[in-house]
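Enquirer: First, the structure itself, so that you have it in front of you.
The values are calculated or read from the model by the stated rules, or taken from the named source; none is laboratory data. Bear in mind that the values here come from a model prediction, so they are computed numbers and not experimental data. For neighbour counting, all protein chains shown are included, and Cβ atoms are generated from backbone atoms with ideal geometry for every residue, glycine included. Surface accessibility is based on the protein's heavy atoms, side chains included, excluding ligands, DNA and RNA. Shrake-Rupley method; radii C 1.70, N 1.55, O 1.52, S 1.80 Å.
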Amino acid sequence: MCIRDRYLRSIKIIKEIAHLEPSLESKEALAKAYSDLADLFSSELIEERDKALDLYHRSMRLYESILRHKDLVSAKRSLAASYENLANIYADLEDPKAYSYYQKSINLKEKIIDLYGDNEDILSLAKTYNNLAFINWQVERLSIAYYQKAIDILLNIKEKKLEKIKEENIAACFSNMADLYLSLIHISEPTRRY
């Protein structure tokens, strides 16, 4: 049985459990399963973006439903990730919906940071700003501002275990800014790094 079939089977089982016991935990498990399966469909192995979009939307709706009933930090983080995953696919498709999903992800991540202040959340926010800057590269000042915001956020991370990831992301931001400047003088098109 391939990975895809295992995920589909697990979603079926989780749906049955959610139907028998409609708890927030079973809804969260189903949302996570949808998201994991969407990751698989959006990967380079399969590249079925329409299916991935459908699954990310299902996951998003479940997380939003959970948060209407109970304020769970795990559901907030997962919802922010769902927004960003949707934005990434829309960005790859050059669909303007990417911008609004990046904004939703940023808004939610900023709220999470205000409440919980975790360095991994801060790193995630910086990555989202980097991605948002990339889709706005035609509007150079806006992109530069987003890249700078991402760098500023990254520079404030002090946790040693995140140092390597932090440095890689700072380098990606500077590289994306360089690509932007080069594209403005018609040397090359930017290449997304995240």
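Enquirer: Between a residue in the stretch 13-40 that is open to solvent by 90 Å² or more (accessible area, probe 1.4 Å) and any residue that is assigned to a helix (DSSP H, G or I) and modelled with pLDDT of 85 or more, which pairs come within a Cβ distance under 7 Å, given they are 6 or more apart or on different chains?
Expert: These pairs meet every condition: 32/78.
Enquirer: Output the residues belonging to the stretch 109-123 that are in contact with a helix residue (DSSP H, G or I) (Cβ under 7 Å, 6 or more places away or on another chain) and open to solvent by less than 80 Å² (accessible area, probe 1.4 Å).
Expert: Hits for the stretch 109-123 are 109, 110, 112, 113, 119, 121, 122, 123.
Enquirer: I've got another one for you. Going by the structure shown, is residue 80 out of contact with any Ser or Thr (no Cβ under 8 Å at 6 or more places or on another chain), crowded, with 21+ Cβ neighbours inside 10 Å and part of a helix (DSSP H, G or I)? Let's see the steps before the verdict.
Expert: Numbers: out of contact with any Ser or Thr (no Cβ under 8 Å at 6 or more places or on another chain): no; crowded, with 21+ Cβ neighbours inside 10 Å: yes; part of a helix (DSSP H, G or I): yes.
Judged against the criteria, residue 80 is not a match.
Enquirer: When you go through 133, 126 one by one, which is the residue that is touching a helix residue (DSSP H, G or I) at 6+ places or on another chain (Cβ under 9 Å), modelled with pLDDT of 90 or more and either among the hydroxyl-bearing types (Ser, Thr, Tyr) or part of a helix (DSSP H, G or I) (or both)?
Expert: Numbers: 133 fails: modelled with pLDDT of 90 or more.
Answer to the selection: 126.
Listed here are the residues, each with its yes/no results for (1) of a type in the set (Gly, Ala, Ser); (2) closer than 23 Å to residue 135 by Cα; (3) at pLDDT 85 or above.
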| site | (1), (2), (3) |
| --- | --- |
| 1 | no, no, no |
| 26 | yes, no, no |
| 44 | no, yes, no |
| 61 | no, no, yes |
| 74 | yes, no, yes |
| 82 | yes, yes, yes |
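Enquirer: Could I ask something else about it? Name the pairs whose Cβ atoms lie under 8 Å apart, with the first residue in the stretch 45-71 and over 13 Å from residue 86 (Cβ atoms), the second open to solvent by 80 Å² or more (accessible area, probe 1.4 Å), and 6 or more positions between them or separate chains?
Expert: Going by the 8 Å Cβ cut-off, the qualifying pairs are 46/4.
Enquirer: Since residue 158 meets every condition but one in (1) open to solvent by 60 Å² or more (accessible area, probe 1.4 Å); (2) part of a helix (DSSP H, G or I), which condition does it not meet?
Expert: Status for residue 158: all satisfied but (2).
Enquirer: Follow-up. Does residue 70 fit the bill of being surrounded by fewer than 21 Cβ atoms within 10 Å (Cβ to Cβ) and under 30 Å from residue 25 (Cα atoms)? Show your work before the answer.
Expert: Values: surrounded by fewer than 21 Cβ atoms within 10 Å (Cβ to Cβ): yes; under 30 Å from residue 25 (Cα atoms): yes.
The answer is yes for residue 70.
Enquirer: Scanning the stretch 97-108 for residues that are of a type in the set (Gly, Ala, Ser) and open to solvent by less than 50 Å² (accessible area, probe 1.4 Å), which turns out modelled with the highest pLDDT?
Expert: Among them, the one singled out is 105.
Enquirer: Considering only residues that are basic (Lys, Arg) and without any contact (Cβ under 8 Å) to a residue 60 or more places away in the chain, which ones fall in the stretch 98-148?
Expert: Going residue by residue through the stretch 98-148, those that are basic (Lys, Arg) are 104, 109, 111, 127, 141.
Hits for the stretch 98-148 are 104, 109, 111, 141.
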